[in-house]
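A.B. asks: My questions will all concern the structure given below.
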Amino acid sequence: MRWRQGRRSTNIEDLRGKKGRRRTVRRGAGGGAKLGGGVGIIVLLIGLFLGVDLSGLVGGGGGQVGIPQMQYPGDSVSGQGPAIRNDDEAANFIATVLADTEDVWNKLFRHAGKQYQEPRLTLFSDGVSSACGFTSSAAGPFYCPGDDNVYIDLSFFRQLQGMGAAGDFAQAYVIAHEIGHHVQNQLGVSMAVQRQRRQLPKAQGNALSVATELQADCYAGVWAHHAHKDRQVLEPGDLEEGMNAAAKIGDDALMANAGRRVHPDNFTHGTSQQRQQWLLRGLETGDANACNTFGNN
């Protein structure tokens, strides 16, 4: 990805190495259930082995990421937490992708006659408290609609690479997916799904969860479409990185890798093929209206 010359968002705070503080719920914020990025490995696999439904959490696998530390021109990023150093490349990458999602969704909401409320993003280590409760790093990246905030422990990207999903666009896809959940929250989708799930049997509720996660994948593709159209951020190989990451984190792939029988009724995020399909649809169309995963598309 061509990201180093992009602006960096200031809607970011760095709580790494510090005890995460609890957030208060914003007026009008929707719900308090964490929305995951479809990259839940550790917690999901534990749930599969124990036969316990841990789908409310999402986690990561294991591995090694090779993000070099190098200094480049630009201002440090600061939010409510300490400033991010210029030589902290991983954090600055996150801040730049976040800024790009802000630019894209502000534009798309404006064209639709709506106002986009930019989310915040918190970097943490080990665990963090949010309006959705305390969450450990094992839960992976997540979005909390109660405080309009995305939470990421950067160690997750080491785990992602260990799963065979390396590359900067694979990481950007994860971030954009979580921002996709924020877009859903802004549009009222999150609250509607939560209300409906409470009234449905588990299998049907899981199907709604799948549709929600696939829509966030599609929204991630919409972001990438417009980011490249407006700023030419994608490079050769980026599409393959995204498709590969989507394949690695499909429910069927996770279950198979855990040595478990693939059981569609237990899916919460969609199959590898579905995740690739919806990410690609967003990339190809750039149209959020094409992301109706709740219909019969």
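The values are calculated or read from the model by the stated rules, or taken from the named source; none is laboratory data. Nothing here was measured: the structure is a model prediction, and the numbers come from that model. Please note: Cβ atoms are built from the backbone with ideal geometry, for glycine as well, and neighbour counts cover all protein chains shown.
A.B. asks: Restricting to segment 140-180, name every residue that is more than 15 Å from Ala95 (Cα to Cα) and among the small types (Gly, Ala, Ser).
C.D. replies: Gly140, Gly146, Ser155, Gly162, Gly164, Ala165, Ala166, Gly167, Ala170, Gly180
A.B. asks: Next question, about the same structure. Tally up the residues in segment 237-291 that are at pLDDT below 90, of a type in the set (D, E, K, R) and within 24 Å of Ala166 (Cβ to Cβ), please.
C.D. replies: Total satisfying the criteria: 3.
A.B. asks: Can I ask one more? For segment 117-197, which fully contained helices (runs of 4 or more DSSP H) count at least 1 residues that are within 21 Å of Ala246 (Cβ to Cβ) and among the aromatic types (Phe, Trp, Tyr)?
C.D. replies: Numbers: elements: 156-162, 168-187, 189-197.
The helices (runs of 4 or more DSSP H) meeting that bar are 156-162, 168-187.
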